[in-house]
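Note sheet for the following structure.
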Amino acid sequence: MPQGCLHLVATPIGNLSDLAPRVADTLAEADLIACEDTRVTHKLLQHLGLQRPTLSYREENEKVLAPELAQRISQGENIALLSDAGFPGISDPGFRLVRECRSRGLPVVPVPGPNAAITALAASGLPTDSFLFKGFLPPKTSARKRFFTEHEASPYTLVLYESRHRILKCLDDLVEVLGEDRCICVAREITKLHETFHPGPAGKVRERVRNGSQKGEFVVMVAKEGYQLTETG
Ligand code: SAM
């Protein structure tokens, strides 16, 4: 029996027009779609006029499902892995299944598309030549401050995900540890109706975020020490 394949399918982070045509072809041919929230994926399938079997693949059941799905792929099934938005495996479930497939020599084919970190960084005005993606910071203030202290002299642009519930607390900790003048950029609701980029000194950006709406999703980026947006060359 020929081997199947794992397709890692990236989906829009807000704007459905960002859906790559290859996504529809891949999903149409999948024997099974493993996805985070089946209701979210059913909406996408409906939009594409497709009906495919789905299975909920979440952080809580990833350990159990990863070997099971890899086994099914080794027996010839084509499985597509999706998260609710963006790239599966990036601050979302997926890594374990990819590792399982790679360790068994099974094919893993990416179907690339939007990712919040890369999209935010590219449009931020902060250096893009080398960056450190850390995903979500710990929820506790003490751990977050420790993170900023440890990365104070980082030569890389830091790229972080943050929720609307914690965005102001995160910026408070950032300003306290790195200072009001540290160059940062906060991106909110990228590709959506209320897309906003706030680049500038941390103190001013915090004020703008505080005075604006904190609804939605955020990416926080921190430039290396000494970098200013007005630099030339
Ligand atoms: N796998 C996704 C990716 O490839 O970007 C990330 C999933 S992670 C669970 C969700 C976080 O990504 C949000 O809390 C936010 O920090 C960031 N994010 C996702 N979509 C976004 C958007 N449209 N604008 C700003 N940040 C976004």
Contour minus Cα-Cα span, Ser163 to Leu50, at 0.36 nm per residue, comes to 37.5 nm
Would you mind checking the tilt of helix 167-178 against the longest principal axis of the Cα atoms of the chain, expressed as 0 to 90 degrees and rounded to 10?
50
Counting other C-beta atoms within 10 Å, and keeping those with at most 11, which DSSP coil trypsin sites (Lys or Arg not before Pro) do you find in the stretch 110-186?
Lys140
In nm, to one decimal, how far is the Asp37 label point from the Lys140 one, both placed 7 Å along Cα→Cβ?
2.9
Which length gain, in nm to one decimal place, applies between Glu60 and Ser74 when the Cα-Cα distance is subtracted from 0.36 nm times their residue separation?
2.7 nm
Most mobile of Pro127, Pro114, Pro21 in a GNM of the chain (Cα contacts under 10 Å):
Pro21
What FRET efficiency comes out for Arg99 versus Tyr227 if R0 is 30 angstrom and r is the Cβ-Cβ distance? Round to the nearest 0.05.
0.25
Within the chain, how many Lys pairs sit with Cα atoms under 26 Å apart, leaving out pairs fewer than 8 places apart on the same chain?
25
Degrees, to the nearest 10: 202-211 long Cα axis against longest axis of the chain
70
Of all DSSP beta bridges in the stretch 87-233, what percent run antiparallel (nearest 5)?
75
For Glu29 and Leu16, compute 0.36 nm times the residue count separating them, minus their Cα-Cα distance, and round to one decimal in nm.
2.6 nm
Remind me, relative contact order of the chain in percent, using alpha carbon pairs under 8 angstrom and six or more residues apart?
21
Which FRET efficiency, nearest 0.05, do Leu132 and Lys192 yield, Cβ-Cβ r, R0 30 Å?
0.70
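Any read-out appearing in this document is the output of simple, stated calculations on the displayed coordinates, not a laboratory observation. Not measured: the values here are computed from a predicted model. Reconstructed Cβ throughout: ideal geometry from the backbone, glycine too, with neighbour counts over all protein chains shown.
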